[in-house]
Amino acid sequence: MKEVRVRFAPSPTGHLHVGGARTALFNWLFARHEGGRFILRIEDTDVERSSGELESGILDDLMWLGLAWDEGPDRGGAFGPYRQSERVALYRAGAERLVAEGRAYPCFCTDEELESKKEERRRANLPPQYDGTCRRLSGDERARRRAEGRAESVRFIVPPDSERRLDDLLRGEVVFPSGMVGDFVIMRSNGLPTYNFAAATDDAAMEITHVIRGEEHLSNTVRQIMIYEALGLEPPRFAHIPLILGLDRSKLSKRHGAPNVGDFHARGYPAEAIINYLAFLGWSPPGDREMLSLGELVEKFRLDRVSPSPSIFDEVKLNWFSSQYVKSLGARRYLDDALPHFPQDVKDAYPRERLAEIFEILAENLPSFSRIEEEIAPFRPGIPALAGDAREAVAGARELLSASLVSLGECEEWSAASLGGRIKELGTRLGVKGKALYMPLRAAVTGSLHGPDLSRVMEIRGKESVLRAIRSALAGAETP
Ligand code: GLU
């Protein structure tokens, strides 16, 4: 059997978004599962919108996700170059050959002419395809137009019977009816190829065996199949993976939060969580295990388990994966990524070991690192501001708080265990328990009625800071 060769072919005209990353992942998993090769090709023929900076950003994001490629612009390979802007001579030669063989022709129509032809066809209720004017030009007429210095593109001749059937690996048979496409441009008048021509030429030259990409490319696929035919080559197998929609069921876009991989990276999501989440966008393994490592995904990934219906991008679910990973891989592993999200006063107040402990506690329940600032409140070294419920809880517990000041003040071994013991003992002595015991204390120490285990918080905060907070709460409680 032929070695499997798949490619991810981003255009460096924007950042790597969730949809692109999912396409890259499915290609990567397929290649690894099949023992094949994963190729990275940069489709940068839109010179105005492409940039080297965006290209490196995409490479960095893929590396961060752990999707390394076997051949690509930075590491070469036997089928290079892997940047389309460096392959232009190839497309030109290919287009010239197609013209020489009568499968393509130069087109001199201007944008205005094309626009008015389109308008005419629209009025006549005809599909808005090119009417073939330049296909019918004689040699003399072509020469005359050239002599006039008219800009010239190259159009591919769509065969008269243009019905095509595709055996899509996900969707089964897809029929493209005859007449669906008209003669299409393969080389623009600026000398650069169109996406369809460059992609098909490269897929052929790079011996790509499977094209796995978004369903929005279906209408390109029919054109690319025709190009393969004209080149006398067998097209690759195609798998069109489903769209990703936002929760409102519209196509995923910037409006739906931060669908860029780089944004998620910056917000402190573990790469493992993004990968695991993306794998489940349209695919599912047998069984109901959801947490799967990259290795397990490779082992289980099969295209026939990719659903053809759209998947919904749900940040709540991604957050779930994220907190599961931070917890299960061990929070300490992410400490350096998390620290930039810690407020400065916290970083100044504690040694690194303590910061690691704080992060471990927060990680029990932390959807993303951008929430650290909020969740870390109980550990802030200053005196908390008391408002609302917290203020009320404190106001109703003056006796308890005064007694706790004495008891905690006497505490020599400042550990969660002994603090827990003292709080219980206080409760027994004063005849209060449960919420009535813990709420006022928690409110006084942290300014909130909710948060992580109070004894642990007190241990980490330290004796001075805890006593200061309780004293201040008591003083505040005196003034109604
Ligand atoms: N450059 C195209 C894109 O980013 C690639 C599509 C394809 O995989 O052929 O959409």
Looking only at segment 231-242, which residues are within 12 Å of the ligand (Cβ to nearest atom) and either on the phi > 0 side of the Ramachandran plot or in a strand (DSSP E or B) (or both)? Phe238, Ala239, His240, Ile241
Members of segment 14-32 that are in contact (Cβ under 8 Å) with a residue 60 or more places away in the chain and either more than 10 Å from the ligand (Cβ to nearest atom) or not in a helix (DSSP H, G or I) (or both): His15, Leu16, His17, Val18, Ala21, Arg22, Leu25, Phe26, Leu29, Phe30, Arg32
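Can you tell me which residue among Gly434, Gly451, Gly462, Gly388 is at pLDDT 95 or above, on the phi > 0 side of the Ramachandran plot and open to solvent by less than 80 Å² (accessible area, probe 1.4 Å)?
Gly462
Being out of contact with any helix residue (DSSP H, G or I) (no Cβ under 7 Å at 6 or more places or on another chain), at pLDDT below 95, surrounded by fewer than 19 Cβ atoms within 10 Å (Cβ to Cβ) and in a loop (DSSP other than H, G, I, E, B) is the requirement here; does Ser189 meet it? If you could, list the steps in order and put the result at the bottom.
Numbers: out of contact with any helix residue (DSSP H, G or I) (no Cβ under 7 Å at 6 or more places or on another chain): yes; at pLDDT below 95: no; surrounded by fewer than 19 Cβ atoms within 10 Å (Cβ to Cβ): yes; in a loop (DSSP other than H, G, I, E, B): yes.
Against the criterion (out of contact with any helix residue (DSSP H, G or I) (no Cβ under 7 Å at 6 or more places or on another chain), at pLDDT below 95, surrounded by fewer than 19 Cβ atoms within 10 Å (Cβ to Cβ) and in a loop (DSSP other than H, G, I, E, B)), Ser189 does not qualify.
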Segment 407-425, residues that are open to solvent by less than 40 Å² (accessible area, probe 1.4 Å) and either within 14 Å of Leu467 (Cβ to Cβ) or aliphatic (A, V, I, L, M) (or both): Ser407, Leu408, Gly409, Cys411, Ala416, Leu419, Ile423
Checking Cys109 against (1) modelled with pLDDT of 95 or more; (2) in contact with a Lys or Arg (Cβ under 6 Å, 6 or more places away or on another chain); (3) surrounded by 12 or more Cβ atoms within 10 Å (Cβ to Cβ), which test does it fail? (2)
In the list Ala230, Ala204, Ala198, Ala239, which residue meets the criterion of being in contact (Cβ under 8 Å) with a residue 60 or more places away in the chain and closer than 22 Å to Glu3 by Cβ? Ala239
Taking the condition of being away from the ligand (no atom under 13 Å from the Cβ) and open to solvent by 40 Å² or more (accessible area, probe 1.4 Å), how many residues in segment 200-230 meet it? 3
Search segment 243-252 for residues being without any contact (Cβ under 8 Å) to a residue 24 or more places away in the chain and open to solvent by 40 Å² or more (accessible area, probe 1.4 Å), and hand back the single one that is farthest from the ligand (Cβ to nearest atom). Asp248
Hey, any hits in segment 360-368 for a residue that's assigned to a loop (DSSP other than H, G, I, E, B), among the polar types (S, T, N, Q) and open to solvent by less than 60 Å² (accessible area, probe 1.4 Å)? yes
Members of segment 266-279 found to be of a type outside the set (A, V, I, L, M), on the phi < 0 side of the Ramachandran plot and buried (at least 18 other Cβ atoms within 10 Å of the Cβ), listed by number: Tyr269, Pro270, Glu272, Asn276, Tyr277
Please report, ordered by residue number, the helices (runs of 4 or more DSSP H) entirely within segment 249-347 with at least 1 residues that are in contact with a Pro (Cβ under 7 Å, 6 or more places away or on another chain). 294-300, 315-329
Give the residues of segment 317-353 that are free of Cβ contacts under 8 Å to residues at least 12 places away in the same chain and of a type in the set (Val, Ile, Thr), sorted by residue number. none
Taking Val174 and the conditions (1) open to solvent by less than 40 Å² (accessible area, probe 1.4 Å); (2) outside any strand (DSSP E or B); (3) away from the ligand (no atom under 14 Å from the Cβ), which numbered condition does it fall short on, given that it satisfies the others? (2)
If we keep just the residues of segment 47-60 that are touching a residue at least 40 places away in the same chain (Cβ under 8 Å) and over 19 Å from the mean Cα position of the chain (by Cα), which is most open to solvent (accessible area, probe 1.4 Å)? Val47
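Is there a residue in segment 96-105 that is basic (Lys, Arg) and modelled with pLDDT under 95?
no
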Pairs only if they're at least six apart or on different chains, beta carbon under 7 angstrom, first in segment 107-131 and under 22 Å from Ala147 (Cβ atoms), second surrounded by fewer than 16 Cβ atoms within 10 Å (Cβ to Cβ) and among the polar types (S, T, N, Q); list them, first residue then second. Cys109/Thr133
Scanning segment 148-171 for residues that are within 22 Å of Ile186 (Cα to Cα) and of a type in the set (A, V, I, L, M), the one surrounded by the most Cβ atoms within 10 Å (Cβ to Cβ) turns out to be Val154
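The values are calculated or read from the model by the stated rules, or taken from the named source; none is laboratory data. Note that the coordinates shown come from a computational prediction; the quantities given were computed from them, not determined experimentally. Cβ sites come from the backbone with ideal geometry, for glycine too, and all protein chains shown count toward neighbours. Accessible surface is based on the protein model in full, side chains and every heavy atom, while ligands, DNA and RNA are left aside. Shrake-Rupley method; radii C 1.70, N 1.55, O 1.52, S 1.80 Å.
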